[in-house]
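J.: Pasting a structure here, questions to come.
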Amino acid sequence: MTHGRKRKHRLAATLGGVIGFFVTSALCGVLAASLVVPAVATVGLGVSNSISFFDKLPSELLVQPPSQSTKVLTSDGQPIATFYVENRIKIPLDQMSPFVRDAIVAIEDSRFYDHPGIDPQGILRAAIFNMTQEGRQGASTLTQQYVTNVVNESFLSQDKGDEVILSGQKSIGDKLREMKLAIALEKKFTKDQILEGYLNIVFFNREAYGIEAAARYFFSTTAKDLTLPQAALLAGVVNSPSFYNPSVNPEQALSRRNLVLDKMLEHRKILPADHDAAVATPIELKLNPGKQGCAHATMAPYFCDYVSHLVLNNPAFGTSLIERERKLYRGGLTIVTTLDSRLQAAAQAQVDGTAGANPDRWGAALTTVQPGTGKILAMAQNTVFLPEDGKFDTQLNFNVDARDPQGNDLNGAGGFQPGSTMKPFTFAEWLNEGKSLTAVVDASRRVYPLGFPWRSTCGKVLGAYSTAQNNPELGAADDLQNAEDGFYRPMPINYGLYNSINTATFATAAQLDFCGIQKMVDAVGLHSGLDGAQINMHQLGNLLGAIGVAPLHMANAFATFAADGKYCTPIALLDITDVTGAKLPAQTSECRDAVKPEVARGVNAVLQDVLVKGSGFWINPKIHTKMPTAAKTGTSNNNGSTWVVGYTSGLSTASFFGDALEGQGRSGQNVTINGQFYSRLDGWMIAGPQWVNYMLAAAPLYPADPFPPPPASMTAPPKPVPAPAAPRPAPRPAPAPAPAPPPAPAPPAPAPVPEPEPPAPPPVPEIPVIPPQNGFPGGRN
């Protein structure tokens with residue numbers, strides 16, 4: 001019974017093979033006729049009908065560039081990251097080793113340069129083999145294989161992977177269509193163009209599409225530099241990439257490689273000695289897996305993520321997110337960014353060293369913007385993009401907003417409370433209203449109760465500071481406080497700013513139109529980092545930085561002062577080209593005159609003193625001797641968010657250290673960082689050294705000019721202001737109420753305390769810097 005079934009099976013196979021032979025012969029006849037006989041010719045009804053059927057098949061193949069990898073570069077040409085679905089790098093044929101070209105032709109289609117796209121001899125040979133031998137032999141030429149790859153690549157690029165046709169799934173109609181398209185392709189392209197296209201599109205491995213990616217993946221080399229044994233190995237892989245994968249099946253890969261070498265010798269592409277030496281060479285792989293996306297960026301993974309969101313959120317790259325993703329991951333774009341690799345390396349090294357081992361996951365961040373251009377030159381933070389043992393990991397970008405102005409996700413942390421780094425904008429409005437930077441304000445006042453006569457021509461000022469009104473019914477905050485005692489007194493306004501005195505800022509605002517403060521903050525681009533909303537400067541707490549702002553926009557706002565009042569929108573994309581070299585929309589910074597030059601110069605003059613004798617004195621007293629530098633420190637109320645934002649005329653950098661992830665509510669009081677105990681964090685302590693060490697490395701690369709001085713009218717000697725009335729003493733308990741004594745006369749106004757501003761004579765001794773108490777400089781944050 002068993003032998004009978006075997007005989008029947010062999011008989012059926014033989015009959016099937018004979019039938020297949022005649023069918024194949026007929027197809028070859030049709031194909032041959034189609035090449036030499038017009039479709040309208042009538043040479044017998046059968047041939048005529050066959051030619052008519054074949055002639056109706058599509059003959060035009062739209063050969064588009066295959067999916068290619070997108071590369072993101074720094075402004076100086078250094079690689080940042082690569083994006084791809086198919087890791088492919090298209091190269092011309094002359095950039096491929098001759099061994100590759102000869103090997104692929106020898107093993108896949110030895111008559112490639114002789115046939116017109118299909119090979120009738122090969123078809124008959126394969127038919128006879130399949131009819132008489134075990135197994136199967138294909139007859140597709142390289143041109144036919146290229147057609148199949150182009151069609152399938154078109155399906156994949158349109159997210160139609162279910163329509164991809166694999167070799168073993170082709171019907172007779174599919175094969176006829178493939179043959180017709182191959183014939184048409186040969187009429188349109190040269191043999192070398194077809195071979196180049198094939199070697200750039202063919203699949204080698206999930207990490208390698210095309211010969212260049214394959215050379216890099218398997219051997220960490222280029223297609224141009226492939227040796228004979230390497231080229232033969234890769235040529236053997238394409239027949240069955242999984243089965244002949246040398247990293248998985250080395251024995252099968254070796255056998256296939258040697259078969260390729262035999263074919264090359266047979267067709268006289270190599271000499272016997274070269275053949276024998278190559279066969280004797282062991283397979284030596286040097287695998288280099290592709291690193292796709294920002295998680296595997298060579299530098300600046302968070303800047304990379306920001307760039308990818310700029311592309312994916314921009315309708316210029318496609319009307320839908322799917323189209324934009326296709327452009328980024330398949331479009332073979334070259335994206336040149338504004339990043340300076342030198343500054344980025346310095347910034348990353350600095351933030352990585354800021355918090356050491358960091359078991360408590362404190363965040364550190366640096367962002368640098370170029371004044372006058374808005375170019376983002378560096379963006380770093382002390383975290384890793386993917387989880388690693390013992391490291392602080394997050395995919396949130398500490399330096400940018402949570403969303404862009406259109407509400408699209410930017411994957412940002414949403415900003416941090418800037419604290420006293422907001423004070424210069426109130427001061428700028430003071431100068432904008434024509435006031436002197438040395439005028440004396442009453443910083444002794446701590447109570448601003450409900451109903452205080454604030455001035456605003458466009459809205460109502462909200463909030464109050466009055467311990468007496470701090471109850472559920474009234475809701476005021478406690479009396480206004482400075483970081484240290486000893487600063488509740490009249491003082492020059494510039495002294496109040498560079499020493500970061502809260503009561504001085506409120507005394508300044510009390511003499512201004514809040515609408516002017518609002519316009520100043522809006523003009524320099526400051527907004528909520530969470531939702532992009534306007535920072536309502538009519539809310540009193542925002543004078544001291546209660547609303548979270550992203551470091552990028554703090555750096556850019558201060559860059560406005562550095563650029564003599566010119567504001568430029570921050571940009572990250574310099575140039576974008578597609579695979580054809582066509583330009584795509586990048587970013588052009590929109591610049592405008594946001595602050596009067598004389599106002600910017602006045603702010604610069606005072607903020608330079610922050611580092612010389614103010615709240616930033618303890619950062620590095622000598623930095624101002626190396627370059628013209630201005631800065632402002634900042635600390636949130638609970639010390640969980642600390643800052644230094646500083647600049648030269650060439651660079652503006654925001655330095656942040658604090659609670660970046662834990663709901664941004666964690667206190668920076670009584671904490672230990674890098675083995676050092678801090679009763680309370682302050683901007684100058686960690687964010688300050690982080691800023692100054694980075695700037696000492698980065699700023700010389702962007703030479704800075706001295707800041708122009710403010711006009712003489714701004715530095716006029718201050719006018720005295722009356723002191724506040726002395727507070728009445730609390731009444732003592734008495735058996736019976738007694739009439740209140742008449743109020744004592746107000747004490748005479750104190751003498752003005754001008755700051756020495758050379759060359760203004762006569763010199764007046766400056767208000768001394770209070771030395772640090774318990775490790776902290778007094779009265780400053």
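The values are calculated or read from the model by the stated rules, or taken from the named source; none is laboratory data. Because the structure is a prediction, the values reported are computed rather than measured. No Cβ is skipped: glycine too gets one built from the backbone with ideal geometry, and neighbour counts run over all protein chains shown. Heads up: the accessible areas ignore ligands, DNA and RNA and are worked out on the full protein's heavy atoms, side chains in. Shrake-Rupley method; radii C 1.70, N 1.55, O 1.52, S 1.80 Å.
J.: Can you tell which of Asp262, Asp274 is surrounded by fewer than 17 Cβ atoms within 10 Å (Cβ to Cβ) and in contact with a helix residue (DSSP H, G or I) (Cβ under 7 Å, 6 or more places away or on another chain)?
T.: Asp274
J.: Output the residues belonging to the range 204-220 that are surrounded by fewer than 19 Cβ atoms within 10 Å (Cβ to Cβ) and without any contact (Cβ under 8 Å) to a residue 60 or more places away in the chain.
T.: At the first step, the residues of the range 204-220 found to be surrounded by fewer than 19 Cβ atoms within 10 Å (Cβ to Cβ) are 206, 220.
The one that is surrounded by fewer than 19 Cβ atoms within 10 Å (Cβ to Cβ) and without any contact (Cβ under 8 Å) to a residue 60 or more places away in the chain: Arg206.
J.: Anything in the range 284-306 that is open to solvent by 50 Å² or more (accessible area, probe 1.4 Å) and either over 16 Å from Ser69 (Cα atoms) or out of contact with any strand residue (DSSP E or B) (no Cβ under 8 Å at 6 or more places or on another chain) (or both)? List them, or say none. Before you say what the answer is, go through the steps one by one.
T.: If we filter the range 284-306 for residues that are open to solvent by 50 Å² or more (accessible area, probe 1.4 Å), which is where we start, we get 284-289, 291-292, 296, 298.
Glu284, Leu285, Lys286, Leu287, Asn288, Pro289 - these are the residues of the range 284-306 that are open to solvent by 50 Å² or more (accessible area, probe 1.4 Å) and either over 16 Å from Ser69 (Cα atoms) or out of contact with any strand residue (DSSP E or B) (no Cβ under 8 Å at 6 or more places or on another chain) (or both).
J.: Here is a further query. Given the conditions (1) surrounded by fewer than 22 Cβ atoms within 10 Å (Cβ to Cβ); (2) within 24 Å of Lys90 (Cα to Cα), which single one is not true for His309?
T.: Every listed condition holds for His309 apart from (2).
J.: If you don't mind, another one. Would you pick out the residues in the range 674-700 that are open to solvent by less than 10 Å² (accessible area, probe 1.4 Å) and part of a helix (DSSP H, G or I)?
T.: Ala687, Gly688, Gln690, Trp691, Val692, Tyr694, Met695, Ala698, Ala699
J.: Do you know which residues across the range 550-576 are in contact with a Leu (Cβ under 6 Å, 6 or more places away or on another chain) and β-branched (Val, Ile, Thr)?
T.: Once the filter is applied, which keeps residues that are in contact with a Leu (Cβ under 6 Å, 6 or more places away or on another chain) and β-branched (Val, Ile, Thr), the range 550-576 yields only Ile576.
J.: Would you mind telling me which numbered condition in (1) under 25 Å from Ala184 (Cα atoms); (2) open to solvent by 40 Å² or more (accessible area, probe 1.4 Å); (3) touching an Asp or Glu at 6+ places or on another chain (Cβ under 9 Å); (4) at pLDDT 70 or above Ile89 fails?
T.: (1) is the only condition that Ile89 fails.
J.: Asn556 is checked against (1) in contact with a Pro (Cβ under 8 Å, 6 or more places away or on another chain); (2) outside any helix (DSSP H, G or I); (3) buried (at least 24 other Cβ atoms within 10 Å of the Cβ); (4) of a type in the set (S, T, N, Q) and fails just one. What number does that condition carry?
T.: Looking at each condition in turn, Asn556 falls short on (2).
J.: Quick one: count up the residues across the range 701-715 that are surrounded by fewer than 19 Cβ atoms within 10 Å (Cβ to Cβ) and under 25 Å from Val369 (Cβ atoms).
T.: Selection size over the range 701-715: 8.
J.: Run Glu178 past the list (1) surrounded by fewer than 22 Cβ atoms within 10 Å (Cβ to Cβ); (2) without any contact (Cβ under 8 Å) to a residue 60 or more places away in the chain; (3) within 13 Å of Thr143 (Cα to Cα) and report the number of the one that doesn't hold.
T.: (1)
Quick grid of which residues meet (1) open to solvent by 10 Å² or more (accessible area, probe 1.4 Å); (2) closer than 30 Å to Val311 by Cβ; (3) touching a helix residue (DSSP H, G or I) at 6+ places or on another chain (Cβ under 6 Å):
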{"position": "Gln417", "(1), (2), (3)": "yes, no, no"}
{"position": "Lys423", "(1), (2), (3)": "no, no, yes"}
{"position": "Val441", "(1), (2), (3)": "no, no, yes"}
{"position": "Pro453", "(1), (2), (3)": "yes, no, no"}
{"position": "Gly463", "(1), (2), (3)": "yes, no, yes"}
{"position": "Ala468", "(1), (2), (3)": "yes, no, no"}
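J.: Mind checking whether some residue in the range 521-542 is among the β-branched types (Val, Ile, Thr), touching a residue at least 40 places away in the same chain (Cβ under 8 Å) and open to solvent by 10 Å² or more (accessible area, probe 1.4 Å)?
T.: Checking the range 521-542: not a single residue is among the β-branched types (Val, Ile, Thr), touching a residue at least 40 places away in the same chain (Cβ under 8 Å) and open to solvent by 10 Å² or more (accessible area, probe 1.4 Å).
J.: Please indicate, with yes or no, whether at least one residue in the range 123-145 is among the charged types (D, E, K, R), modelled with pLDDT of 70 or more and not in a loop (DSSP other than H, G, I, E, B).
T.: So in the range 123-145, the residues among the charged types (D, E, K, R) come out as 125, 134, 136.
Checking which are modelled with pLDDT of 70 or more leaves us with none.
Looking through the range 123-145, none of the residues is among the charged types (D, E, K, R), modelled with pLDDT of 70 or more and not in a loop (DSSP other than H, G, I, E, B).
J.: Among the residues of the range 602-619, which ones are assigned to a helix (DSSP H, G or I), within 20 Å of Asn502 (Cβ to Cβ) and not hydrophobic (A, V, I, L, M, F, W, C)?
T.: Residues satisfying the conditions are Asp609, Lys613.
J.: Tell me whether the range 650-663 contains one or more residues that are more than 25 Å from the chain's Cα centre (by Cα) and open to solvent by 20 Å² or more (accessible area, probe 1.4 Å).
T.: No: the range 650-663 contains no residue that is more than 25 Å from the chain's Cα centre (by Cα) and open to solvent by 20 Å² or more (accessible area, probe 1.4 Å).
J.: Report, by residue number, each residue of the range 107-123 that is open to solvent by 10 Å² or more (accessible area, probe 1.4 Å) and among the small types (Gly, Ala, Ser).
T.: Answer for the range 107-123, where residues must be open to solvent by 10 Å² or more (accessible area, probe 1.4 Å) and among the small types (Gly, Ala, Ser): just Ser110.
J.: Shifting gears a bit: Which one is farthest from Ser649 (Cα to Cα) among residues in the range 340-392 that are buried (at least 20 other Cβ atoms within 10 Å of the Cβ) and among the β-branched types (Val, Ile, Thr)?
T.: The selected residue is Thr383.
J.: I'd like to know if the range 393-413 contains one or more residues that are among the aliphatic types (A, V, I, L, M) and open to solvent by 30 Å² or more (accessible area, probe 1.4 Å).
T.: yes
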